Number of protein chains: 2
Amino acid sequence: MIHIKVILNTLSALIIFLAISLIPPAIISWYYGGGDFNAFVYTIIASVSVGIILFFTTRNHKQELRAKDGFIIVTFGWVLFSLLGALPFFLSGFIPSYTDAFFETMSGFSTTGATILTDIEALPHGLLFWRSLTHWLGGMGIILLSLAILPLLGVGGMQLFKAEVPGPSPDKLTPRIKHTAELLWGVYVLLTVAEIILLMMGGMGWFDSVCHSFGTLATGGFSTKNASIGHYNSAYVDYIITIFMILAGLNFSLHYRALRGKPRIYFKDPETLFFFGIIGAATLFVTFSIWHQTSQDIALSFRQGFFQVVSIITTTGYGTADYETWSSSSRMVIFILMFFCGCAGSTGGGLKIISSLILIKFSLNEIKRLIHPQAVLPVRVGKVVVSRDIIANVAGFYLFYVSIFVFGVLFMNILGLDFETSLGGVAASLGNIGPGLGDLGPTDNYGFLPDLGKWFLSFLMLVGRLEIYTVLIIFTPMFWKK
Amino acid sequence: MIHIKVILNTLSALIIFLAISLIPPAIISWYYGGGDFNAFVYTIIASVSVGIILFFTTRNHKQELRAKDGFIIVTFGWVLFSLLGALPFFLSGFIPSYTDAFFETMSGFSTTGATILTDIEALPHGLLFWRSLTHWLGGMGIILLSLAILPLLGVGGMQLFKAEVPGPSPDKLTPRIKHTAELLWGVYVLLTVAEIILLMMGGMGWFDSVCHSFGTLATGGFSTKNASIGHYNSAYVDYIITIFMILAGLNFSLHYRALRGKPRIYFKDPETLFFFGIIGAATLFVTFSIWHQTSQDIALSFRQGFFQVVSIITTTGYGTADYETWSSSSRMVIFILMFFCGCAGSTGGGLKIISSLILIKFSLNEIKRLIHPQAVLPVRVGKVVVSRDIIANVAGFYLFYVSIFVFGVLFMNILGLDFETSLGGVAASLGNIGPGLGDLGPTDNYGFLPDLGKWFLSFLMLVGRLEIYTVLIIFTPMFWKK
């Protein structure tokens, strides 16, 4: 049974929340001018009206939220946010096509950061702020989802830590979530404020510091500048953002525990160590490749290599150099990193590091099992024994990820994109990264795609952001039975 | 414990077998001339001498073959065959580089069909025959392996049918294998003879008919003509070879049962049906794409599309048209087919159809499990319930396959090949297909690769041919312990 009233009631609350989130950009728009103020006001009025009417007509329900309702609320919540959040771009006329406006907003809320804009700096302050705010809100949503809701639904790598996040029985969704969410949002806000201050100390204006910090912590990637972070050409800014991208790519519950006085916790966590290992190896490879290829000194090669590697592996997508000009092997490394995304419980998208770690250990175990067919060989991550159900869930996730990826590439190919562009665009959308390969590289944009391609990639962003299962499950007949 | 004496004894028997197999091409060489006769004689003398000495010095063992020894014999057997089998090409001077000769021979024995030759028709008859014979012997070896040996070692999709192929306990290798092998080799020989006759009826000379039939049944792909099957420009030849490629891509134990009077068995087998389904869908797609793109009539488009699709999915690699000139989406379909190879128990390489089928059903089951967390949902293929151990084995296989593929592409990239060429070359080698993409397409050859690249791809052919585990297991420290 789907509980339609409680679903609509929750969604209406979300719509009202969206309307409230539109107030800060509206104020900025009013202050700076630029012709987008009315668009914000209209959107707020429309959202509030719809939200309030829906809220009060569905209020008197005696239904409790259950797992199935959760899948629907999460998926439709994200879609509704993007549908309504696109209105300011569209109504102001700065993005004249609604398809483009929706793509841009879904890219924001899904923390992807792929843009259809050719000249970002032509947008007024209000819209630029809203664009970055969609990232930040999307990131908040993801923390709530990945650390509190999805584990209860049985989706996502974080279920490994189910035991560590004591919550209600899997079939009832409300009570403890609020507390967990508040703690982790506290960490999220704290890190955002810290980055804003550090960027301003480096000479970046407050507006750009806020927008770029929103984009960093959410691992989003929307910049206020056409040349992304490369605009500042500053080692200080590059390294600050690199460090905060790494922080955003780590499990937020580790940050919470570290802030509570256990900073060494990072180095006891196998997922974090593996994450650092991959970043280290990839940075080394790319740095020497750039150094070898260009006349740049080693320090600049390292700075660029490190930034780009971290930007891709955390699924942020900021840029300070165009990796499309790098050697074929470095580009291949970047492409591979698109499939190793942030840690579970981070704001990063795609396949989580812990999933890859589990699958690698599982595969190695299969070889051992051939040598000792009778032995019992559990898969361990750190000291934790990973249950067979979790391995199956992760393996299934991986298979869906690869299948959707392959199908997506074929689809984009049919739409007329070349091989490399299709590969990069689909990997970047499904992994919520932003920049892809070929014609969708870091200096390009998604504006030239046919409309169908934009809707399709928007859908992939949603599917990737919600850990695949959450969206796919709604398309199964079994879900709607009884 | 590794039983070194019994291993060497078995390998020496294999060397003597190789020497015997070199007699037919030597006779052909003597009859037709061409300057390669001496090279055959030297190789035979060398192999017989080494083989006999080794055989008699290791004869007095009281050891029994066990699983571990099996892995070593299979892997080193294939390598030894390629090392010695390369000598006629090298000693005759027709392939002046030993690296090239080894690549060509490994490509033959692994039934890959990738060639380093620019002008195939410049080879004398003896070498051409030997080149095709390596395919045929490789195919024989694979039937023995995949239907008799590997299931006992716990490797490969065929273990699903373990129950159907009653054999000795997994730790003792000899008795029943011989009987199974003889029956299936009977089918193999029968099909080969049938194809030879049918091709000769279509006007092809006996020599080319034999060579092409060897290449078909082994799903190899070496042709005696520079333009491959396209040389004949005959609808009859194309369709005969297409049909026999399909037969070679099916499970040989089904052929055996069909020949015993149950021809409907194919349509009761879920793997076969899925295989036909993929061929049908891909052929349809490609046919319409060619038709749309060129001015060819629909019949020719279908003939070319059907041939190329079957050639790639069965991992044969014969060509009648250059798919590199096709639309981007058709090329993508060809690339995807490189990962859906023949059925288990066929001579096809790579990921078997049954594995994909199991993984697809498994993934769909994972979604069901989210909806009904308490339900017990076994994965079924046809009426058979697939055990969790087999699913784990297949999933591990798939993960290794993808990992080796990605690592291989990166490695080829570092060697200086472009993105598409690396993708195609590695997929074609690991899947034992032959032609790849980009600079390694159907009209190109592997000759221009650097030596390191040739050794690396030869290694991938071996790894792919022996179902990955068989080779990888030897590289684990655990294998050599105690």
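Across bins of 10 angstrom width beginning at 0, how are the C-alpha pair distances of segment B:399-441 distributed, in whole percent?
36, 56, 8
At A:Ile20 and A:Thr443, where each label point lies 7 Å from the Cα along Cα→Cβ, what is the point-to-point distance in nanometres?
Between A:Ile20 and A:Thr443, the label points sit 4.5 nm apart.
Place a point 7 Å from Cα of B:Met478 in the direction of its Cβ. Which residues in segment A:371-397 have their backbone N less than 13 Å from it?
Residues A:371-380 qualify, since their backbone N sits under 13 Å from the label point.
With Cβ to Cβ distances under 15 Å as the rule, what net charge do the other residues near B:Ile240 carry (K, R +1; D, E -1)? Let's see the in-between values first.
On the way: positive: B:Arg303; negative: B:Glu195, B:Asp208, B:Asp238.
Once all neighbours under 15 Å are counted, the net charge is -2.
Between B:Arg257 and A:His372, what FRET efficiency follows from the Cβ-Cβ distance if R0 is 45 Å, with the result rounded to 0.05?
The formula returns an efficiency of 0.85 here.
Averaged per residue, what accessible area in Å² does segment A:390-480 show with a 1.4 Å probe, protein chains only? If you can, show how the numbers build up before the last one.
Numbers: 2480 Å² over 91 residues.
With the other protein chains kept in place, segment A:390-480 gives 27 Å² per residue.
How far apart, in nm, are two points set 7 Å out from the Cα along the Cα-to-Cβ line at A:His179 and at A:Met201?
3.5 nm
Viscosity 1.567 mPa s, temperature 4 °C: give me the Stokes-Einstein translational D for segment B:33-107 in µm²/s, with Rh taken as the Kirkwood radius over C-alpha pairs. Please report the intermediate quantities before stating the final value.
Numbers: Rh = 14.1 Å.
Once the numbers are plugged in, D ends up at 92 µm²/s.
Along Cα→Cβ at 7 Å, what distances in nm separate the A:Gly447 label point from those on the other copies, shortest first?
Going from nearest to farthest copy, the values are 4.9 nm.
Between A:His231, A:Gly319, A:Ser355, whose Cα lies farthest towards the positive end of the dipole of chain A when Lys and Arg beta carbons carry +1 and Asp and Glu beta carbons carry -1, centred on the Cα centre?
Most positive-ward Cα: A:Ser355.
Give the dimensionless ratio obtained when the Cα radius of gyration of segment B:345-482 is divided by 2.2 N^0.38 Å.
Working: Rg = 18.2 Å, N = 138, 2.2 N^0.38 = 14.3 Å.
Rg over 2.2 N^0.38 Å, computed on Cα atoms: 1.27.
Placing the label point 7 Å from Cα along the Cα-to-Cβ direction, what are the distances from B:Ala299 to the equivalent spots in the other copies, shortest first, in nm to one decimal?
7.4
Dividing the alpha-carbon Rg of the protein assembly as shown by 2.2 N^0.38 Å yields what? Walk me through the numbers on the way to the answer.
On the way: Rg = 30.3 Å, N = 964, 2.2 N^0.38 = 29.9 Å.
So the protein assembly as shown has a normalised radius of gyration of 1.01.
Once the convex hull of the C-alpha atoms of segment B:32-161 is built, how many Å³ does it hold per residue, rounded to a whole number?
Enclosed volume per residue, from the Cα hull, is 119 Å³.
Rank B:Trp480, B:Ile414, B:Phe397 by how far each Cα sits towards the positive end of the charge dipole of segment B:390-480 (+1 on Lys, Arg Cβ; -1 on Asp, Glu Cβ) and give me just the farthest.
Positive-most Cα among the choices belongs to B:Trp480.
Treating the point 7 Å from Cα along Cα-beta-carbon as the label, what are the nm separations from B:Gly33 to the other copies, to one decimal?
Ordered by distance, the counterparts are at 9.7 nm.
With charges only on Cβ, +1 for K and R and -1 for D and E, what is the dipole size of chain A about its Cα centre, in debye, rounded to 20?
Details: 29 positive and 26 negative charges, 458 e Å.
Here the size comes out at about 2200 debye.
Which value, in square angstrom to the nearest 100, describes the accessible area buried between chains B and A on both sides, using a 1.4 angstrom probe? Numbers along the way, then the final one.
Details: alone 20160 and 20160 Å², together 36050 Å².
The buried area between B and A, both sides summed, comes to about 4300 Å².
So, in Å, what gap is there between the alpha-carbon centers of segment B:101-124 and segment B:434-453?
Their Cα centres are 12 Å away from one another.
Report the Stokes-Einstein translational diffusion coefficient (µm² s⁻¹, integer) for segment A:316-407, Rh taken as the Kirkwood radius over Cα pairs, at 25 °C with viscosity 0.890 mPa s. Mind showing how you got there, number by number?
On the way: Rh = 15.5 Å.
Result for D is 159 µm²/s.
I'd like the residues of segment A:348-366 whose 1.4 Å-probe accessible area shrinks by no less than 40 Å² going from the isolated chain to the full set of protein chains.
Buried by the other chains: A:Phe362, A:Ser363, A:Glu366.
What lysines could a cross-link reach from B:Lys5, if we take a straight Cα to Cα line under 20 Å and drop same-chain neighbours fewer than 8 places away?
List returned: B:Lys62, B:Lys68, B:Lys172, B:Lys481, B:Lys482.
On the accessible surface of segment B:390-480, probed at 1.4 Å, how many percent belong to carbon and sulfur atoms?
On the way: 1760 of 2480 Å².
Reported share for carbon and sulfur atoms: 71 percent.
Label points 7 Å out from Cα along the Cβ direction at A:Lys62 and A:Glu121: separation in nm?
In this crude label model, A:Lys62 to A:Glu121 measures out at 6.3 nm.
Plugging the Kirkwood radius over Cα pairs into Stokes-Einstein for chain B, at a temperature of 10 °C and a viscosity of 1.306 mPa s, what D comes out in µm²/s?
Working: Rh = 22.8 Å.
So the translational diffusion coefficient is about 70 µm²/s.
Rank A:Ile371, A:Leu449, A:Gly438 by how far each Cα sits towards the positive end of the charge dipole of the protein assembly as shown (+1 on Lys, Arg Cβ; -1 on Asp, Glu Cβ) and give me just the farthest.
A:Ile371
Rounded to the nearest 500 deg cm²/dmol, what is the calculated helix-only ellipticity per residue at 222 nm for the protein assembly as shown, with -39500 (n - 2.57) per DSSP H run of length n ≥ 4?
Working: 42 runs with 598 residues, N = 964.
When only DSSP H runs of four or more count, the value is -20000 deg cm²/dmol.
When Lys and Arg each count +1 and Asp and Glu each count -1, what net charge do the other residues less than 12 Å away from B:Pro442, Cβ to Cβ, add up to?
On the way: positive: B:Arg331; negative: B:Asp322, B:Glu324, B:Asp439, B:Asp444.
Every neighbour counted, the sum reads -3.
Nearest to the axis that maps chain A onto chain B: list the chain A residue whose Cβ wins, with the distance in whole angstrom.
Residue and rounded Å distance to the axis: A:Ala395, 2.
So how exposed is A:Asp439, as accessible area in Å² (1.4 Å probe, rounded to 10)?
Looks like 80 Å² after rounding.
Whose amide H sits under 5 Å from the amide H of A:Val386, counting only residues 5 or more places off or on another chain, with H placed in the peptide plane?
A:Val379, A:Arg380, A:Val381
The values are calculated or read from the model by the stated rules, or taken from the named source; none is laboratory data. Note that this is a predicted model, so its numbers are computed, not measured. For neighbour counting, all protein chains shown are included, and Cβ atoms are generated from backbone atoms with ideal geometry for every residue, glycine included. Quick note on the areas: whole protein, heavy atoms, side chains included, nothing else; ligands and nucleic acids left out. Shrake-Rupley method; radii C 1.70, N 1.55, O 1.52, S 1.80 Å.
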